[in-house]
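Every read-out reported here was derived from the displayed coordinates using simple, explicitly stated rules and does not represent laboratory data. In this text, all values refer to a predicted model and were calculated from it rather than measured experimentally. Glycine also receives a Cβ, built like all others from the backbone with ideal geometry; neighbour counts cover every protein chain displayed.
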Amino acid sequence: MTKQAVEACLLRGVCGGLVVHQWDGKAEMVLSDRPLNRSSVPLWHEEMASRCSQSLLYPATVGFSDGSAFSLGTNYDEACSALGVSSIFDLPPSDAMEDVVRDKVAILFGCPATLVRLLHEMGAFLVLVGEGSQELSFSLNEEACITVSLAHPDDGALVDWLASQTGGADFVVRHGSPVDADLPSMMELCGGITFSLMGEEDHTAPSGVVRIPLGDPKRMMRDICGVFRRI
């Protein structure tokens, strides 16, 4: 992972899961110089809490001491605009079953289209990887009239590209697809969960991966949501 990718993933934790997008301009707020690891996240969060104590609003753009800057948003389009965040600071998420994946960023590797659409309907922001991703992403965005999904271009490293677009991911769902070698590092930085859709012949999931039996898409979606409810 590049240094900027690590910064983006850590910043997403600082901002409570807002979308973090690479920004070429000057940041409204610059975080203090600290080690680039998860131990710095609560300290940076305190800095941001102090910064937001009066307005209760997040800054539109946040940077690091090395000059890297990122824009924030409650959704992808808002983050890309760098015009401000339409959410008050530290608004607690809902833990209702229908909201557990809402606004979470999900990377979907080779997943059935029906499961993709169900996760979209549950409010997750989707990053699609694999055959047919471009077409499906275009269809979802056109139907929603906003950007609710991205398709990974084939000409770049997934993790560094994703970090620049959203600040990493909250969970991964993969179905027999190869993954970027940096993906485990990104998921550790983001505190994310990796699910693997596995058939009856696949008895053991890789270490640190949650096994989801392949089958009915609605049941697979419930299994994924159930894991988040138990956290």
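Note the full-extension length gain between Val227 and Ser55 as 0.36 nm times their separation in residues minus their Cα-Cα distance, in nm to one decimal.
So the extension gain works out to 58.4 nm.
Check Trp23: other-chain or 5+ apart residues with amide H under 5 Å from its amide H, H built from backbone geometry?
When sequence neighbours closer than 5 places are left aside, the close amide H contacts are Ala69, Phe70, Ser71.
Collect residues whose amide H, placed 1.01 Å from N in the peptide plane, falls under 5 Å from the amide H of Thr194; neighbours closer than 5 in sequence don't count.
Val172, Val210
Of Glu78, Glu28, Glu135, which is the most mobile in a GNM of the chain whose springs link Cα atoms less than 10 angstrom apart?
Glu135
Exposure proxy check: Ser53, Ser185 ranked by fewest other beta carbons within 10 Å?
Neighbour counts put them in this order, fewest first: Ser53, Ser185.
What ranking do Ile107, Ile224 get, fewest neighbouring Cβ atoms within 10 angstrom at the top?
Ile224, Ile107
So what's the back-of-envelope 222 nm ellipticity for the chain, counting only DSSP H runs of four-plus at -39500 (n - 2.57) apiece and dividing by all residues, rounded to 500?
-10500 deg cm²/dmol
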